[in-house]
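To start, the structure under review is shown below, and the notes come after it.
The values are calculated or read from the model by the stated rules, or taken from the named source; none is laboratory data. As the structure is a computational prediction, the values presented were derived from the model and not from experiment. Using ideal geometry, Cβ is built from the backbone for each residue, glycine included, and neighbour counts are taken over all protein chains shown. Side chains are part of the model used for accessible areas, which takes the heavy atoms of the whole protein and leaves out ligands, DNA and RNA. Shrake-Rupley method; radii C 1.70, N 1.55, O 1.52, S 1.80 Å.
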Amino acid sequence: MNEMDSAAPWFSWNWFAPSVLKSFNWDQSWWLWLALLIPLFFILRWTIRYFSIKKLPVAIPSKNLKGNGSALLRFIPEALLSLVLLMLLLALARPQKTNEQVEQWTEGIDIVLVMDISLSMKIEDFKPTRLVAAKNVALEFVEGRMSDRIGIVVFSGEAFSLSPLTTDYDLLVSHINSIDFNMIETSGTAIGSALAVGTNRLRDSKSKSRVCILLSDGENNAGNIDPITAAELAKAFGIKVYTIAIGKEGRVPYGKDFFGNPHYIENTLDETTLRQIAQITKGDFYRVDNNQALEDVFAHIDRMEKAEIKETRYQNTMDYYPVYLKWGISLLLIWLLLKSTFMVHILHD
């Protein structure tokens, strides 16, 4: 029902418009089915009356039975009584209109991506390289978030924060695309330092959920902070760390030789330390050795660390049965007036 219908006075004809009647929620709709019995009720009344007249003595003049009033006027009280019953049934069916408002909000998650950009990330067991594969899944991860603040830390022999926590996802995409091996000159893999930088970004966060995703393909051989010490520090600040060990161990393709054939090198990975970091911080450890496995891991983390969506519902229910009750009472008074002795005399004079 629109605002004009709601504001209309009770005696307005708008209350009987099909669009208005359809807009109601009928709380006791079964009363409406009884409206089908109203015609049957009057058919039964007229049938009984007809046979009663048939049995009257022949000596009574037929003109006294018909009276002088119009035959049509005699049906007015019957029609009014039908409308009275219909109005009462409409009122008993409890026409209502419910306006529902829903307010939704999310409690965002703060996430820091800690990415290894050491030279070993050039290895081509992932296509085209480990770093490019990691950047691609990081881009998909960022583009799939809503209302979460994300920061980026990169590391090799040293670690630094590439982006603070932000919801500017376009900026984050730009930063991820810009990641390359020339950002840090110091060689090596400083896992402990990288985790400490990520923890520093998250320690002042007010978010209920603080997450660090650490991706590396090597073993800690640089930096001035031990990875286990950094993990204990993250735990102290309530930060959950997901660790991802990327790449295969043993002989892996790395560049081309003089003849254009794949050149192989020996690769080692400190899986044990990454497992310990995840265990200490109540996170999870993942081992991936191909592009699809890496995508699956980020998709799994994405599902686990979704912002909680909360909603509050407000309902305002308005009853409109008084409108039809007033119509019923008004028509009932008119019916009683027509049935009174005074009106009967007027109709028969």
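For the reader, a short list of remarks on this structure follows.
- Conditions (1) at pLDDT 60 or above; (2) under 17 Å from residue 326 (Cβ atoms): number failed by residue 27: (2)
Yes or no, residue by residue, for (1) modelled with pLDDT of 75 or more; (2) open to solvent by less than 80 Å² (accessible area, probe 1.4 Å):
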| residue | (1), (2) |
| --- | --- |
| 302 | yes, yes |
| 308 | no, no |
| 316 | yes, no |
| 324 | yes, yes |
| 331 | yes, yes |
| 337 | yes, no |
| 340 | no, yes |
| 347 | no, yes |
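- Yes/no for residue 217 being open to solvent by less than 20 Å² (accessible area, probe 1.4 Å) and acidic (Asp, Glu): yes
- Any hit, the stretch 200-210, residues being closer than 16 Å to residue 116 by Cα, open to solvent by less than 20 Å² (accessible area, probe 1.4 Å) and of a type outside the set (Phe, Trp, Tyr): no
- Entry remark, the stretch 222-253: residues being under 20 Å from residue 287 (Cβ atoms) and either under 46 Å from the mean Cα position of the chain (by Cα) or in contact (Cβ under 8 Å) with a residue 24 or more places away in the chain (or both) number 15 in total.
- Condition check for residue 161: farther than 18 Å from residue 273 by Cα and of a type outside the set (Phe, Trp, Tyr): yes
- Taking first residues from the stretch 326-347 that are aromatic (Phe, Trp, Tyr) and partners that are modelled with pLDDT of 75 or more and not in a helix (DSSP H, G or I), the Cβ contacts under 9 Å between residues at least 6 apart in sequence or on separate chains come to 327/10; 327/11.
- Residue within the stretch 116-131 that is within 17 Å of residue 263 (Cβ to Cβ), touching a residue at least 24 places away in the same chain (Cβ under 8 Å) and polar (S, T, N, Q) present: yes
- In the stretch 88-99, the residues that are farther than 15 Å from residue 36 by Cβ form Cβ pairs under 6 Å with partners that are open to solvent by less than 20 Å² (accessible area, probe 1.4 Å) and of a type in the set (Ser, Thr, Tyr), at six or more places apart or across chains, as follows: 91/324; 95/320.
- Single unsatisfied condition, residue 144 versus (1) surrounded by fewer than 21 Cβ atoms within 10 Å (Cβ to Cβ); (2) more than 17 Å from residue 201 (Cβ to Cβ); (3) in contact with a Leu (Cβ under 7 Å, 6 or more places away or on another chain): (3)
- Among (1) aliphatic (A, V, I, L, M); (2) under 24 Å from residue 128 (Cβ atoms); (3) open to solvent by 70 Å² or more (accessible area, probe 1.4 Å), the one test that residue 246 misses: (3)
- For the stretch 199-221, the criterion of being over 35 Å from the mean Cα position of the chain (by Cα) and among the hydrophobic types (A, V, I, L, M, F, W, C) is met by none of the residues.
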